[in-house]
Amino acid sequence: MSPRDRILALRNEKGVILPSLLMCDFGNLEREIRALEEAGVKALHLDVMDGVFVPNLTYGLPIVEAIRRLTDLPIDVHLMIQNPNQYLAAFVDTGADCITFHVEAEPESGPLLEQLQKSQVASGLVINPQTPVAAVEPFLPLCDLLLVMSVNAGFGGQAFQPVALDKLRDLRLKSSSDLILEVDGGVNLDTVASCVQAGGQWLVVGSAIFKHQDYKSAIQELQQTAFGDST
Ligand code: DX5
Ligand code: ZN
């Protein structure tokens, strides 16, 4: 199965909560991954920031490669970098299953999305809260997934911006039912249900998982609140 097929298989899931590893204990990465696997997560979300496109610097290729070696879970890489073109092939080589980059960093996104498709990696665009849906609309047929930011990209722990809900509803109307809609930023017990009601299928969660000792119960509670079950 190609990386892209692993991602497309998740389309049939009722809903997917993806932990964002931004706030995990990087000194104990293997232990953190095992805890998430045991909590039943279906994919991991990795936030790559370059300190230029966003005013924060996280991690890059070696950490994505290391996480690839540690787990078979599908890996969703969210690139918050300037000039994604420069690093796209290298991120494909890490073994990531899905790669998204910001339309604000590459307004002419078509060729990069096609490059990802040719590499058999799932591809998608990301839009920040102030960017209109019109910026991604021409590229929707080339995307497997569209990531709607509900905070300004750059930091975990920010407050959810409801404008994301309008965008999810708008995107659901304008896109094929095959397009996966992902939401990222400030998703927690107070906001997760409204994300699902607006059409969000993949829910990225950072602080609302990692501030808890027990990831499994945090994820189950989110699952219950979002989808009415704990599967
Ligand atoms: C923000 C990142 C998010 C973030 C989510 O730029 O893309 O993935 O870490 O963290 P919370 O859930 O704390 O907003
Ligand atoms: Zn993210």
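Overview of results
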quantity	calculated
Residue-wise HN-Hα coupling along segment 20-37, computed from phi with Karplus coefficients 6.51, -1.76, 1.60 (Hz; x: Gly, Pro)	8, 7, 3, 9, 7, 8, 5, x, 9, 4, 4, 4, 5, 5, 4, 4, 5, 4
Selected from PHE91, PRO162, SER20, residue furthest toward positive end of dipole (the chain; charges at beta carbon)	PRO162
Prolate/oblate/rounded label for the chain (Cα gyration tensor, a/c 1.5)	rounded
Average accessible area per residue (Å²) across segment 3-225 - probe 1.4 Å, nucleic acids and ligands excluded	41
Cα-based shape type of segment 1-101, given that a ≥ b ≥ c are square roots of the gyration tensor eigenvalues and the cut on a/c is 1.5	oblate
Antiparallel bridges, percent of DSSP beta bridges restricted to the chain (to nearest 5)	5
Mean Cβ neighbour count within 10 Å, used as a protection proxy, ranking 171-182, 197-208, 33-44 highest first	197-208, 33-44, 171-182
Spatially proximal lysines relative to LYS167 (Cα-Cα < 24 Å; intrachain offsets below 8 disregarded)	LYS14
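The values are calculated or read from the model by the stated rules, or taken from the named source; none is laboratory data. Source: prediction; values computed, not measured. Here Cβ is always computed from backbone atoms with ideal geometry, including for glycine, and neighbour counts include all displayed protein chains. Surface areas here come from the heavy atoms of the whole protein model, side chains and all, with no ligands, DNA or RNA. Shrake-Rupley method; radii C 1.70, N 1.55, O 1.52, S 1.80 Å.
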